[in-house]
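Chemist: The structure follows.
Bear in mind that the values in this text are calculations on the coordinates, not laboratory data. Remember, it's a predicted structure, so these values are computed and weren't measured experimentally. Ideal geometry is used to build each Cβ from the backbone, glycine not excepted, and the neighbour counts take in all protein chains shown.
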Amino acid sequence: MADMGGKPRLPWVSWLIAAAVACIPLVITDRFLIKVLTFVGLNVLVAIGLALLFGYTGQVSMGHAAFVGIGAYTCAFLTVRIGTPWIVGFAAAGVIAAAGGLLLALPSLRLKGHYLAMATLGFGEIMSLIFVEAESVTGGVDGFARIPPPSVAGFEFKEPATLYWLVWAVAGVALLLAYNITRFRPGRAMLSLHGGEIGAVASGVDVVGTKIKAFVISAALAGLSGALYSGVVGFVSPSVFVLSSSVMYLAMAVIGGAGSLAGPVAATALFTLLEYLNALIPSMPAPIAENLGLYQTDIYGIAIILVVIFAPRGLTGLWQRRRSASSAKGGSLAERRQGSSTQADTPARPEGLEEGEGT
Amino acid sequence: MTLLSIQGLRKQFGGLLAVDDVSFGVHEGTIKALIGPNGAGKSTLFNLITGFERPDSGAALLNGVATTGMSARDVVRCGMARTFQDTRLFDNLTVIENVMVGTQVHYTPGFFAAALRLPSARKEERMIQEQAIRLLRQVGLEEWAGTPASELPVGIRRLTEIARAMATEPTLLLLDEPAAGLNSSETEDLGEALSRMRDLGTTVLVVEHDMALVMEVSDEIVVIDRGRKIAEGPPRLIQKDPVVVAAYLGEEYGNA
């Protein structure tokens with residue numbers, strides 16, 4: 001009865017994980033590994049947005065690498081060429097990417113499924129051409145070099161550990177805000193679109209507005225990730241913001257599972273680390289590491305196929321199935337129902353049902 | 001008083017005249033049944049009234065306000081909610097969450113308030129939830145509250161969809177074949193639920209094929225056949241109307 005919001009706050013496990021993530025640079029001194037874990041944070045930021053867009057709202061985007069690119073170039077251009085403070089470039093990256101998201105939302109209001117996928121794919125391809133052709137802003141094929149590390153109020157984030165903290169702080173805040181969104185009215189509105197647009201319209205859900213907001217938020221998060229990326233790496237090349245990256249981002253959302261933030265975040269961590277397995281296992285023979293890198297896209301592809309066939313609801317679905325299987329053993333139907341209601345990772349669980357009964 | 005007034009609605013799909021100059025009214029506080037053979041245009045009529053399709057001509061007025069020409073969402077906000085022949089539940093949500101989607105139509109907190117857990121969002125979330133719980137209890141669904149919609153039996157699915165529609169606090173509820181797929185005891189429960197809703201002040205327009213249910217609960221019946229209205233009146237007159245019997249009811253009702 002204490003929290004009248006009725007919705008569960010973050011489970012304590014997530015605070016534990018957050019604390020563990022925060023402590024990593026204190027324990028690990030390997031600079032390369034820290035860098036790799038920073039990349040995980042960058043991808044997590046994109047995955048949060050895609051989880052909202054795909055997993056909650058049911059909208060496909062095959063062009064999200066373009067928003068990362070928009071964010072990276074915006075931040076680099078503003079801080080290096082215009083000379084604005086980093087924080088201004090960072091914020092602008094989010095805003096301009098959000099504007100791009102608005103643009104991409106327009107076809108989504110008319111198109112569904114494969115057609116929306118094609119439209120967003122087209123957007124991604126056009127942007128990757130622009131990144132190469134708009135040389136005066138992006139540096140063309142040669143890329144944008146000598147980008148200074150992020151700095152806020154005179155403090156420069158140039159050490160791997162400080163960069164790590166910066167990236168994960170942003171990702172953590174984004175995750176918290178996204179989590180809150182999913183636990184309230186907008187989250188349910190998004191899920192209802194995924195559940196069926198006609199039913200959503202008939203229930204008075206603002207279908208157009210919800211789709212647009214989901215696109216804008218996910219684009220903004222990708223843009224912020226791009227801005228951080230440019231500061232972390234110090235160099236931006238157009239070869240990064242291409243279709244295969246977009247597919248990888250989408251794969252993380254698909255493999256993570258719909259209607260969940262934790263699933264896509266876990267999938268992102270898993271797949272980003274897979275790419276840099278040699279950082280985790282220093283003793284790994286070089287040929288294996290090279291081959292892993294070479295077949296990375298294939299591994300994603302196979303993983304997607306396996307997930308679609310054997311676990312259509314992704315990591316989240318597997319997790320729920322495992323838990324409901326253990327709670328179903330010998331339980332009555334009512335208990336089982338109770339079980340499925342408490343373990344379902346969808347927002348607005350009927351928490352407070354008991355307290356409501358008193359009124 | 002006439003709550004819903006249908007005035008000369010007409011809709012053509014290519015060469016097919018689905019709804020042909022249909023006019024009738026639904027009085028406040030009554031249950032009106034819309035019956036007719038398959039393909040008579042009943043569902044099209046529903047779509048026209050609720051903003052899912054645009055009529056070629058004519059209008060539907062709810063309390064004097066034209067709902068034809070509004071978006072389906074605005075129709076809901078105006079106080080007219082509907083269900084579907086093939087229930088359109090959100091299978092990825094639980095029963096109570098489905099109902100909460102309906103409840104939240106009259107609330108405003110958006111993404112920003114939610115992201116920051118502003119007091120406004122939390123307060124309204126609590127109200128949305130309490131309303132949904134109250135509604136579930138009214139229709140006898142509270143024990144199903146936490147069940148994912150994908151796991152519900154047909155009867156409960158229908159009830160859940162009706163509860164979700166009721167959650168938008170409609171003055172007029174439109175039900176498209178609510179008894180389809182229900183067994184006889186479920187149909188009985190449905191009839192009771194409809195009568196209760198009417199007694200609590202909700203006006204109902206229902207498309208239904210189950211004649212026993214129609215005759216039992218409806219105050220008035222309108223019959224359409226091949227897009228045209230062929231009869232309108234109280235159940236006992238409709239039962240004996242030779243035109244209706246010939247077109248739709250068949251002999252057993254004619255002799256009843």
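Chemist: Provide, in order from the shortest bin, the percent of all Cα-Cα pairs of the protein assembly as shown in each 10 Å bin, continuing until the bin that contains the maximum pair distance.
Modeler: Taking all Cα pairs of the protein assembly as shown, the binned fractions are 3, 15, 23, 21, 16, 11, 6, 3, 1, 0 percent.
Chemist: Ranked by Cβ crowding within 10 angstrom, fewest neighbours first, how are A:67, A:123, A:32 ordered?
Modeler: A:32, A:123, A:67
Chemist: Shifting gears a bit: Tell me the label-point distance for the pair residue B:171, residue B:20, using the 7 Å Cα-to-Cβ offset, in nm and rounded to one decimal.
Modeler: Output for this residue pair reads 3.3 nm.
Chemist: For chain A, what D do you get in µm² per second when you plug the Kirkwood radius from alpha-carbon pairs into Stokes-Einstein at 4 °C and 1.567 mPa s?
Modeler: 61
Chemist: Alpha carbons only, please: Rg and Dmax for segment A:216-280, in angstrom.
Modeler: 12.9, 36
Chemist: With r as the distance between the Cβ atoms of residue B:185 and residue A:137 and R0 = 45 Å, compute the FRET efficiency 1/(1 + (r/R0)^6) and round to 0.05.
Modeler: My answer for the efficiency is 0.05.
Chemist: How large is the helix-only mean residue ellipticity at 222 nm for chain B, computed as the sum of -39500 (n - 2.57) over DSSP H runs with n ≥ 4, divided by its residue count, in deg cm²/dmol to the nearest 500?
Modeler: -11000 deg cm²/dmol
Chemist: Considering every residue in B:132-140, what mean count of other chain Cβ atoms within 10 Å of its Cβ is obtained?
Modeler: Across B:132-140, the average partner-chain Cβ count within 10 Å equals 2.
Chemist: Using 20 Å as the cut-off for backbone N distance, which residues of segment B:1-20 belong to the label zone defined by a point 7 Å from the Cα of residue B:27 along Cα→Cβ?
Modeler: B:1-7, by backbone N distance to the label point.
Chemist: Suppose only helical runs count, i.e. DSSP H with n ≥ 4. What mean residue ellipticity at 222 nm does that imply for chain A under -39500 (n - 2.57) per run, divided by all residues and rounded to the nearest 500 deg cm²/dmol?
Modeler: The helix-only estimate for chain A comes to -22500 deg cm²/dmol at 222 nm.
Chemist: Mind giving me the FRET efficiency for residue A:156 and residue B:120? R0 is 45 Å, r the Cβ-Cβ distance, nearest 0.05 is fine.
Modeler: With a Förster radius of 45 Å, E is 0.70.
Chemist: Can you bin every Cα-Cα distance in segment A:5-68 into 10 Å intervals starting at zero and give me the percent of pairs per bin, rounded to whole numbers?
Modeler: 17, 33, 33, 17, 1
Chemist: Here's something else I'd like to know. Can you tell me the order of A:280-286, A:68-74, B:154-160, A:269-275 when each peptide is scored by its average per-residue count of other Cβ atoms within 10 angstrom, highest first?
Modeler: With the highest mean Cβ count within 10 Å placed first, the list reads A:68-74, B:154-160, A:269-275, A:280-286.
Chemist: For residue A:32 and residue A:103 in one chain, what is 0.36 nm times their gap in residues minus the Cα-Cα distance, to one decimal in nm?
Modeler: 21.8 nm
Chemist: Would you compute the Debye intensity of chain B from its alpha-carbon atoms alone, equal scatterers and no solvent, and pass along log10 I(q)/I(0) at q = 0.09, 0.10, 0.15 Å⁻¹ to two decimals?
Modeler: -0.41, -0.50, -1.08
Chemist: Per 0.36 nm of contour for each residue apart, how much would the distance between residue A:145 and residue A:298 grow if the chain were fully extended, relative to their Cα-Cα spacing?
Modeler: Additional length available on full extension: 52.1 nm.
Chemist: Label residue A:17 and residue B:63 with points 7 Å out from Cα along Cα→Cβ: what is the distance between them in nm?
Modeler: Taking the two extended label points, one gets 4.7 nm.
Chemist: Quickly work out the residue A:208-to-residue B:199 label distance, labels modelled 7 Å from Cα along the C-beta direction, and quote it in nm with one decimal.
Modeler: 4.3
Chemist: Mind checking A:202-214 for the average number of partner chain beta-carbons within 10 Å of each residue's beta-carbon?
Modeler: 6
Chemist: Listed highest first by mean packing, meaning other Cβ atoms within 10 Å per residue, what order do A:160-170, B:183-193 come in?
Modeler: Packing order, densest peptide first, comes out as A:160-170, B:183-193.
Chemist: Follow-up question, since we're still on this one. Where does each of B:83, A:29, B:44 land when they are ranked from fewest to most other beta-carbon atoms within 10 angstrom?
Modeler: A:29, B:44, B:83
Chemist: For the Cα atoms of chain B, what angle does the longest principal axis make with the long axis of helix B:154-167, in degrees from 0 to 90, nearest 10?
Modeler: It works out to around 70 degrees.
Chemist: Pop the C-beta distance of residue B:228 and residue B:137 into the FRET formula with R0 = 45 Å and round what comes out to the nearest 0.05.
Modeler: Working from the Cβ atoms, E equals 0.60.
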